[in-house]
Amino acid sequence: MAEFNVTINGEKRNLNVDPDTPLLWVLRDNLKLVGTKYGCGIAQCGACTVHFNGSAVRSCQVPISAVKDNEITTIEGLSEEGDHPVQQAWLEHDVPQCGYCQAGQIMAATALLKNNPSPSDEEIEDVMNGNICRCGTYTRIKAAIKTASNSQIV
Amino acid sequence: MSKVKTGMGRRSFIKNVSLAGGGLIIGFNWLACKRAAEEGGKEMALEMPDEWFEMNGYLKIGDNGVVTIYSPNPEIGQNVKTSMPMLVAEELDVDWKNVIVEQAPLNTDVFTRQLAGGSQSIRQGWEPLRMAGATARKMLLTAAASEWDVSVSELSVENGIISHTDSDRSLGFGEIAKAAAQVEVPEEVELKDNSDFKIIGTSRKNVDAKGMITGKPLYGIDVHRDDMLIAMIVQPPAFGMEFKSMDAARAKEMSGIIDVFTIDTYPEDMEREWSDVAAFSKLVVVVGESTWQVMQAKKALKVEWDLNPKLTKQIQILEKSAGLAEGGGLENSDIHYSLMAQLGSDNSETVRKDGDPEAAFSNAARVIERSYTCPFLAHNCMEPMNFFANVTNDKAELLGPIQTPEYAEKSVNKRLGLDLENIDIQMTRMGGGFGRRLYGNFLVEAAVISQKMGVPIKLVYTREDDMTNGVYRPAYHVTYRAALDGNNNLTAFHVNAGGMTESPLFADRFPAGAVDNYLAESWTIESNISTGAFRAPRSNFIAGAEQSFLDELAEEMGQDPIQFRLDMLKRAQNDPVGENNDYDAARYAGVLEVVRDKAGWNNGSSTSSRGVAAYYCHNSYVAQILDMNLIDNEPVIDKVTCAVDCGIVVNPDAAKNMVEGGTIDGIGHALYSELTFKDGVTQQNNFDSYRLIRHREAPKKIDVHFIENGLDPTGLGEPPSPPVQGALANALYKATGKRIYKQPFYPEISTESREIKT
Ligand code: FES
Ligand code: FES
């Protein structure tokens with residue numbers, strides 16, 4: 001066990017956990033930020049995607065000791081009221097089925113659009129390929145990303 | 001208008017009052033605070049009433065006119081939590097904007113069939129849910145009529161406002177709800193004509209959408225209590241093995257670990273429900289303070305496992321096969337396939353016979369015979385199995401994802417010896433079901449662990465636990481034979497189907513009824529591997545096989561594959577063979593005609609490789625045409641055109657989402673997924689080795705066309721996924737020149753390595 005001071009969604013948090021604990025489990029178990037989901041634990045499904053200094057990372061692969069003073073944003077911190085353009089596009093297309101993968105999909109999509117505001121279909125597929133949706137909402141995800149991309153306020 | 005008996009009494013009313021007070025334990029009802037306005041994505045605060053009035057078990061009305069509708073059935077992503085309340089709201093005549101939806105707990109006094117399975121929720125809820133709305137509406141009208149001293153027939157209702165035109169008076173539901181709640185429950189109510197629907201048939205957004213996209217704790221795995229511990233299981237490494245002994249000393253000393261012990265989920269003397277299926281009954285359990293700590297302790301455990309002698313003996317037929325007897329019942333996939341191909345059909349029994357198929361085959365000018373097979377599949381719900389349990393001396397509180405709460409309650413009753421009324425089961429939204437959560441072994445495990453520990457626990461499976469401790473889609477095998485006479489007419493059809501551990505045969509399904517001489521045979525082979533329902537059970541294999549065979553048959557006969565099917569369906573419609581045919585040939589032909597026309601099948605303009613298939617299952621009809629190309633040897637699916645007949649479409653955009661998802665799911669499993677075994681050990685245990693379809697592989701476009709026929713609605717959770725597998729196989733044949741007989745298809749067409757690209 002060791003003490004860590006981290007900043008999650010702009011809020012300073014003090015923790016006492018095993019240094020190896022993945023950020024995913026710190027978020028879920030210690031900080032009760034359960035929007036970040038566990039799907040595989042081995043960087044294969046993307047359900048646990050969060051932003052690490054603005055880039056999409058798999059939080060199941062980031063030990064808490066590596067967070068240091070880097071900025072972490074989770075789905076809960078993406079916007080105040082779910083009004084990020086990507087979230088709005090998700091609502092407009094009514095994307096989710098079971099919904100379990102969607103926080104990870106949204107975090108991957110927002111990071112994509114930040115780097116590349118108008119991605120091509122292929123670029124969307126390439127970046128989003130790491131996020132599995134077992135329910136098969138892929139066509140809607142792509143449509144929602146395009147809507148958000150066109151909204152030009154990402 | 002149709003009159004229906006309500007069958008609702010005071011009982012359902014009184015019973016539910018306590019439910020309303022308690023609310024859901026998960027505690028977060030985002031919609032209770034606020035909901036997105038339908039237009040413009042703007043948010044609109046929905047004021048909460050000061051007081052609620054229970055109308056019946058399905059709904060309550062607030063003094064400000066806000067209505068809470070309880071959605072009875074488990075939500076696994078099929079969107080019943082939105083579409084079922086829509087049925088209630090329709091007959092209530094409330095403005096959908098003023099509706100809050102809450103998941104109802106298990107309550108067998110009020111609700112019937114609280115189960116997610118067989119695509120039946122909408123079909124079987126169609127009448128009771130509308131009746132619940134109509135009953136409350138009638139009570140509101142009765143109360144308003146007596147308040148104004150006029151007759152009910154002079155009143156009209158719209159969007160939650162009751163009006164009396166003659167006297168120019170009106171009032172909202174909220175104003176009269178208190179009086180209405182005292183009105184005698186009517187014995188009979190009238191339901192609307194389809195033409196009067198205002199909500200049914202219009203697209204309404206998923207009621208949980210906002211919660212899902214903002215990361216609210218909606219799922220079982222998100223449940224938290226301050227005094228709760230985390231539990232995980234350790235199971236035998238192979239099917240056919242069992243627990244022998246363990247050394248938990250080191251694990252117990254690890255930080256955060258509270259206890260390590262074994263449980264027997266289903267002791268031998270326990271009478272099991274059908275849903276009590278478990279790969280392994282005896283498990284090692286690790287309980288600790290946090291998920292990660294428990295995961296580490298699992299790895300530090302030293303457990304010894306043994307061959308399970310009983311399992312070895314049970315499998316009579318497997319002993320005949322070389323290599324298995326010595327293995328002590330540890331099974332291998334290559335042996336499965338050869339067993340199914342060779343031994344299975346030796347043991348078949350005739351399920352249906354029309355005419356004289358033997359004679360037709362011996363007189364045939366030509367016989368075409370093809371065999372198809374598929375592997376076991378894991379359900380792989382994105383949310384791994386989990387459940388929260390708080391069991392005390394006299395009560396069990398269970399909260400989490402379960403498709404069969406009613407059966408789970410009975411299992412807990414038998415296993416823990418608690419009375420049914422002291423077992424409270426509440427359902428969370430589920431991160432997928434696909435049939436896996438019909439089998440509530442994880443719920444019973446959680447209950448047993450909590451009882452043993454005497455504290456609330458949340459049982460969580462790792463992905464590896466989930467994938468290797470499944471209730472899998474069985475491995476299947478089918479052989480089709482068709483007899484053709486000298487004029488290339490189809491004179492007999494023979495299907496021989498079986499699997500480990502059930503047969504995929506539907507003997508009375510098309511082409512039964514369309515061929516004079518027909519023989520359907522079935523067989524099963526036992527296995528130590530636990531199997532069960534997987535989205536569209538049995539159809540999830542046999543639809544693709546049958547539709548591939550019909551395609552090949554049409555080609556052999558020199559006919560267009562769609563016209564060939566339509567001609568057969570015409571025969572089944574006009575002059576059906578046999579009496580038990582389970583499909584409506586006209587509706588079947590209807591979806592084929594629509595998909596043919598919408599995809600421009602006959603205008604020959606497509607440059608892609610195209611395949612077609614049509615299938616009937618779970619009371620709905622689906623036909624699909626799939627367009628694809630091989631690019632650098634990789635299948636690229638440009639478009640899938642779907643025609644769907646599920647009667648009235650309750651929530652069109654959500655229904656379209658279901659068809660899109662089912663189509664992608666069907667393609668993904670047929671093309672990429674398999675679970676194989678070596679000495680009883682699953683060769684895949686996470687998504688690095690088990691391949692699921694990903695973004696890049698999904699169709700670029702899915703067009704969905706619903707048949708409008710005004711018939712009572714049927715379900716959509718399952719029907720779109722089986723036929724597309726046939727359409728895919730047929731398109732792959734066009735693209736590669738090779739017929740494919742084995743799932744998954746991808747390794748059959750690809751020379752590339754099988755590595756998963758992410
Ligand atoms: S849980 Fe991290 S990628 Fe799957
Ligand atoms: S919506 Fe269910 S896994 Fe994506």
Single residue of B:Ala554, B:Ala613, B:Ala585 found to be surrounded by 17 or more Cβ atoms within 10 Å (Cβ to Cβ), of a type in the set (Gly, Ala, Ser) and more than 31 Å from the chain's Cα centre (by Cα): B:Ala554
Residue that is farthest from ligand 2 (Cβ to nearest atom) [pool: residues in the stretch A:113-134 that are closer than 13 Å to A:Ala56 by Cβ and of a type in the set (A, V, I, L, M, F, W, C)]: A:Leu113
Selection within the stretch A:90-112 - of a type outside the set (A, V, I, L, M, F, W, C) and more than 12 Å from ligand 2 (Cβ to nearest atom): A:Glu92, A:His93, A:Thr110
Test: residue in the stretch B:80-88 that is on the phi < 0 side of the Ramachandran plot, at pLDDT 95 or above and assigned to a strand (DSSP E or B): no
Any hit, the stretch A:42-51, residues being under 26 Å from B:Phe687 (Cα atoms), of a type in the set (Val, Ile, Thr), within 10 Å of ligand 1 (Cβ to nearest atom) and at the interface with chain B (Cβ under 7 Å from one of its Cβ atoms): yes
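Per-residue answers, yes or no, for (1) basic (Lys, Arg); (2) facing chain B (nearest Cβ under 9 Å); (3) within 16 Å of ligand 1 (Cβ to nearest atom):
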site	(1), (2), (3)
A:Thr74	no, yes, yes
A:Gln87	no, yes, no
A:Cys101	no, yes, yes
A:Asn116	no, no, no
All positions within the stretch A:103-114 that are closer than 28 Å to B:His379 by Cα and either of a type in the set (Val, Ile, Thr) or facing chain B (nearest Cβ under 7 Å) (or both): A:Ala103, A:Ile106
Filtered residues of the stretch A:118-134 (kept if more than 16 Å from ligand 1 (Cβ to nearest atom) and facing chain B (nearest Cβ under 10 Å)): A:Asp121, A:Glu122, A:Ile124, A:Glu125, A:Asp126
Residue among B:Gln547, B:Gln573, B:Gln559 that is in a helix (DSSP H, G or I) and surrounded by fewer than 20 Cβ atoms within 10 Å (Cβ to Cβ): B:Gln573
Which listed residue, of A:Ala143, A:Ala66, is within 16 Å of ligand 1 (Cβ to nearest atom) and either of a type in the set (A, V, I, L, M) or farther than 24 Å from B:Leu692 by Cα (or both): A:Ala66
Among the residues listed as A:Asn16, A:Asn9, the single one being farther than 30 Å from B:Gln684 by Cβ and in contact with a Ser or Thr (Cβ under 7 Å, 6 or more places away or on another chain): A:Asn9
Any hit, the stretch B:439-458, residues being in contact (Cβ under 8 Å) with a residue 40 or more places away in the chain, surrounded by fewer than 24 Cβ atoms within 10 Å (Cβ to Cβ) and among the hydroxyl-bearing types (Ser, Thr, Tyr): no
Pair list, Cβ < 7 Å and 6+ apart or interchain, from the stretch A:4-33 residues that are over 17 Å from B:Gly220 (Cα atoms) to residues that are of a type in the set (D, E, K, R) and surrounded by 18 or more Cβ atoms within 10 Å (Cβ to Cβ): A:Asn9/A:Glu76
Residues within the stretch B:669-687 that are within 13 Å of B:Tyr472 (Cα to Cα) and aliphatic (A, V, I, L, M), tallied: 1
Residue match in the stretch B:380-401 (condition: part of a helix (DSSP H, G or I) and either under 14 Å from B:Val223 (Cβ atoms) or more than 16 Å from ligand 2 (Cβ to nearest atom) (or both)): no
Residue tally, condition under 18 Å from A:Arg140 (Cβ atoms) and assigned to a loop (DSSP other than H, G, I, E, B), over the stretch B:187-212: 6
Selected residue (criterion: nearest to the other protein chains (Cβ to nearest Cβ)) from residues of the stretch A:1-24 that are buried (at least 24 other Cβ atoms within 10 Å of the Cβ) and of a type in the set (A, V, I, L, M, F, W, C): A:Leu24
From B:Arg473, B:Arg463, B:Arg538, residue being among the basic types (Lys, Arg), more than 29 Å from B:Ala359 (Cα to Cα) and within 16 Å of ligand 2 (Cβ to nearest atom): B:Arg463
Single condition A:Glu81 does not satisfy, out of (1) surrounded by fewer than 20 Cβ atoms within 10 Å (Cβ to Cβ); (2) more than 7 Å from chain B (Cβ to nearest Cβ): (2)
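Here is a yes/no grid of residues against (1) in a loop (DSSP other than H, G, I, E, B); (2) surrounded by fewer than 18 Cβ atoms within 10 Å (Cβ to Cβ); (3) within 34 Å of the chain's Cα centre (by Cα):
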site: B:Gly125; (1), (2), (3): no, no, yes
site: B:Leu129; (1), (2), (3): no, no, yes
site: B:Ala132; (1), (2), (3): no, no, yes
site: B:Met139; (1), (2), (3): no, no, no
site: B:Thr142; (1), (2), (3): no, no, no
site: B:Ser146; (1), (2), (3): no, yes, no
site: B:Val185; (1), (2), (3): yes, no, no
Qualifying strands (runs of 3 or more DSSP E) (wholly inside the stretch B:613-707; at least 3 residues being within 23 Å of A:Cys133 (Cβ to Cβ) and out of contact with any helix residue (DSSP H, G or I) (no Cβ under 8 Å at 6 or more places or on another chain)): B:634-645
B:Ile702, sole failed condition from (1) in contact (Cβ under 8 Å) with a residue 60 or more places away in the chain; (2) surrounded by fewer than 23 Cβ atoms within 10 Å (Cβ to Cβ): (2)
Unique residue being more than 21 Å from the chain's Cα centre (by Cα) and buried (at least 22 other Cβ atoms within 10 Å of the Cβ) when the list is B:Gly680, B:Gly710: B:Gly680
Inter-residue pairs, beta-carbon under 6 Å, first polar (S, T, N, Q) and in the stretch A:48-63, second crowded, with 19+ Cβ neighbours inside 10 Å and assigned to a strand (DSSP E or B), 6+ apart: A:Thr49/A:Ala56; A:Ser59/A:Val50
Yes/no for B:Ser606 being more than 22 Å from B:Pro722 (Cβ to Cβ) and among the small types (Gly, Ala, Ser): yes
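So that you can scan it fast, the table gives a plain yes or no per residue for (1) within 30 Å of B:Asn390 (Cβ to Cβ); (2) more than 14 Å from chain A (Cβ to nearest Cβ); (3) modelled with pLDDT under 75:
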residue: B:Leu19; (1), (2), (3): yes, yes, yes
residue: B:Glu91; (1), (2), (3): no, yes, no
residue: B:Trp96; (1), (2), (3): no, yes, no
residue: B:Thr108; (1), (2), (3): yes, yes, no
Hey, A:Thr137 under 18 Å from B:Thr214 (Cα atoms), within 12 Å of ligand 2 (Cβ to nearest atom) and within 10 Å of chain B (Cβ to nearest Cβ) or not: yes
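The values are calculated or read from the model by the stated rules, or taken from the named source; none is laboratory data. Just so it is clear, the structure is predicted and the values come from calculations on it, not from any experiment. So basically every Cβ, Gly included, is an ideal-geometry build from the backbone, and we count neighbours across all protein chains shown.
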